[in-house]
Amino acid sequence: MAISGGVFGGFPSHFAMYWKDIVEFSFYLVETFALPFAIIVFIFERAYILVYEENLNRQTRRLWRSWEDYMREWCRRQDFRKALPELLEGEDPEFRSHIEKIAKEFPSD
């Protein structure tokens, strides 16, 4: 059975229901900051993977410290800290450990 007309014209009805669920879920993510937080965690993880290492030279250390400042700035937010466990599922284990350590610097409310 296909839905006629509109955006879903010619698509099977189960696709239309699936698409409706995706759109509703997407709005839910945006409204609850999950999507922006997920993007921020993604960017932080990439910075960690590309920049961080045990023995940094002077310039790379300066660059890394600026990334850590951004991480601390976000970890100060209670809503961000609360979302971290779910956001970090499946992320690089070393990055996960690093940002969790930063998040623990701030009191839980």
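The values are calculated or read from the model by the stated rules, or taken from the named source; none is laboratory data. This structure is a prediction, so every number in the text was calculated from the model and none was measured. Cβ coordinates were reconstructed from backbone atoms using ideal geometry, including for glycine residues, and neighbour counts include every protein chain displayed.
Numbers at a glance
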read-out: Residues of segment 65-99 satisfying the condition of being under 16 Å from residue 42 (Cβ atoms) and either among the small types (Gly, Ala, Ser) or outside the structural domain of residue 53 (by TED's automatic domain parsing) (or both); value: 83, 90
read-out: Residue within segment 45-52 that is at pLDDT 95 or above, surrounded by fewer than 14 Cβ atoms within 10 Å (Cβ to Cβ) and touching an Asp or Glu at 6+ places or on another chain (Cβ under 8 Å) present; value: yes
read-out: Lone qualifier among 84, 29 - being modelled with pLDDT under 95, crowded, with 17+ Cβ neighbours inside 10 Å and out of contact with any strand residue (DSSP E or B) (no Cβ under 8 Å at 6 or more places or on another chain); value: 84
